[in-house]
Every structure is written in C-alpha cells, then in structure tokens.
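> Before we start, here is the structure in question, set down as structure tokens.
Read the figures in this text as sums done on the coordinates, not as results from a lab. Keep in mind that this is a model prediction, so the values were computed, not measured. When we count neighbours, we look across all protein chains shown, and the Cβ atoms used for this are built from the backbone with ideal geometry, even at glycine.
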Amino acid sequence: QQQVKQSPQSLIVQKGGIPIINCAYENTAFDYFPWYQQFPGKGPALLIAIRPDVSEKKEGRFTISFNKSAKQFSLHIMDSQPGDSATYFCAGVSSGAGSYQLTFGKGTKLSVIP
Amino acid sequence: NAGVMQNPRHLVRRRGQEARLRCSPMKGHSHVYWYRQLPEEGLKFMVYLQKENIIDESGMPKERFSAEFPKEGPSILRIQQVVRGDSAAYFCASSPRDRGGYTFGSGTRLTVV
C-alpha cells in the first residue's frame, strides 16, 4: 500500500519556470511533511518541511502548499535554475509513533533546461 | 564536522555471498535509520536503531537481513546469501534525537551479479 502518492514522475521546465510537484497522503496520523532533494550519487537532503497546522511555508525560492482536508501538499520552485535539476521526494511521518520513520513518495525527476 | 559516512560506496557481490554495509553516524548522533532505494522508487524504511538496541525493524525482510549498532563502532547492515533482488542503494541516516533532524549519508550501491 503506497501511503504517499507523488506526481509527476518527471518534469522538464525552462529556466525561470515554476515547476510544481504534487503529493497526496493516506495516513491521517502523519503530522510532519518534509521534502527532500537528491542529486545523482548522493543521499537525500532536507529541503523544506511543513506541519499540517499551516497552509503554506516559504523558504527562499521553495514553497510548500498544504491542503489538510484534501490530504494533499505540493512543492513550488520559483525562478527555477539548472542547478535545481535533481530528484525531489515528498514524505510523511507520524512524530507520535514509536519510531520516526519517513514514508516517501516515489520521486519526481526535475530537469531545468537553460 | 564529517557527515554521515557510509562505506563502501559501491559493492558487488555474487549471488549467495554476504554483504556488509557500514554506517558511521554524525558526531553526537545516537539514532540510526536504514533505508533501501530500488531503481525508480522512493526510499523505503528498513530499521531504526539506537546504540546496542533495535527499536523498530518493521521494514526489514524477515530472512537474510540483520542490523546492529554496537556501543563502539559503526552500524552494520548485513545481508546474507544475497539475491539479484537485493540490488539497490542502501542509505543510512542519523539523528541526535528520536524526533527528526535526519541527515542522510551518500549511500552504498549494492549490485548482485
């Protein structure tokens, strides 16, 4: 059972565009939603995260929008740059559970072309 | 301040051999998590350990896989009698507490031939 569904699988945008990556979750116990950025040959790195008591969080060019009633959240990258080309993963976690395990989406491979 | 160190970076094993993957957490981190990433897939949780204790192994396959985090030394993920389906990237993450603050290592890419 896939608890976090992520789309699209891949995305190509031109430099300066605003790629949007969407995620939907099923587990209502999730109370923390991080996004990770992964470059080839590297481990995932935390990019930005949100809790469901806020509808939007912005850090630099990265914005998360959160819709608790729809159980959906999305990542927007403003003024995208070729250096943003990477695979992006959304995740959910239940911080009240016994272990802080992340449930990841399958990832979105973003290519930003000059 | 070194990050999470995983070695080897690449490991090739023949079917039936054993694979040992090592993870040294960041200094001051006593919580270690192992994840597996299959091609074109997201990371899947395997096991959560604190020093000398397995806290949650709900994601570990029931056979051939084991993990430890001894009082001294790195955490070890051990896969006995490897099969082709074990080929994947294995990532370790460490944190200073049991509620987040994850830092991932660069992973070990296991190839079973």
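> Once you charge only the Cβ atoms, +1 for Lys and Arg and -1 for Asp and Glu, what is the size of the charge dipole of the protein assembly as shown about its Cα centre, to the nearest 20 debye?
Numbers: 29 positive and 18 negative charges, 112 e Å.
Here the protein assembly as shown has a charge dipole of around 540 debye.
> Ok, one more. What is the sum of charges, Lys and Arg at +1 and Asp and Glu at -1, for the other residues whose Cβ falls under 14 Å from the Cβ of B:Pro39?
Computed value for this residue: +3.
> Please list, short to long, the whole-number percent of alpha-carbon pairs of the protein assembly as shown in consecutive 5 angstrom bins beginning at zero.
Going out from 0 Å in 5 Å bins, the protein assembly as shown shows 1, 7, 14, 18, 18, 16, 12, 8, 4, 1, 0 percent.
> By the scheme Lys and Arg +1, Asp and Glu -1, what is the net charge of all other residues having a beta-carbon under 15 Å from that of A:Pro8?
On the way: positive: A:Lys5, A:Lys106, A:Lys109; negative: B:Glu40.
Charge balance near A:Pro8 sits at +2.
> Let's see if you can work this out: charge +1 on each Lys and Arg Cβ, -1 on each Asp and Glu Cβ, no other charges. What is the dipole magnitude of region B:44-113 about its Cα centre, in debye to the nearest 20? Walk me through the intermediate numbers first.
Values: 10 positive and 8 negative charges, 38 e Å.
In total the dipole reaches around 180 debye.
> Can I ask one more? Let me check against my output: what whole-number percent is the relative contact order of chain B, with C-alpha pairs under 8 Å and at least 6 apart?
Numbers: 291 pairs, mean separation 41.5, N = 113.
Result for chain B is 37 percent.
> Pop out the Kirkwood hydrodynamic radius of region B:24-111 from its pairwise C-alpha distances, inverse of mean 1/r, in Å to one decimal.
Roughly 13.2 Å, rounded to one decimal.
> Something else: Around A:Asp53, with a cut-off of 13 angstrom between Cβ atoms, what is the net charge of the other residues, counting Lys and Arg +1 and Asp and Glu -1?
Numbers: positive: A:Arg51, A:Lys57, A:Lys68; negative: A:Asp31, A:Glu56.
In short, +1.
> Any number yet on Rg/Rh for chain A, C-alpha, Kirkwood? Walk me through the numbers on the way to the answer.
Numbers: Rg = 13.6 Å, Rh = 14.2 Å.
Rg/Rh: 0.96.
> Moving on. Sequence-distant or interchain residues sharing an amide H contact under 5 Å with B:Gln17, placed H: which?
Sorted by chain and number, the residues that satisfy this are B:Val82.
> May I ask which residue of A:Phe66, A:Gly17, A:Phe30 lies farthest towards the positive end of the charge dipole of chain A, with charges of +1 (Lys, Arg) and -1 (Asp, Glu) on Cβ and the Cα centre as origin?
A:Gly17
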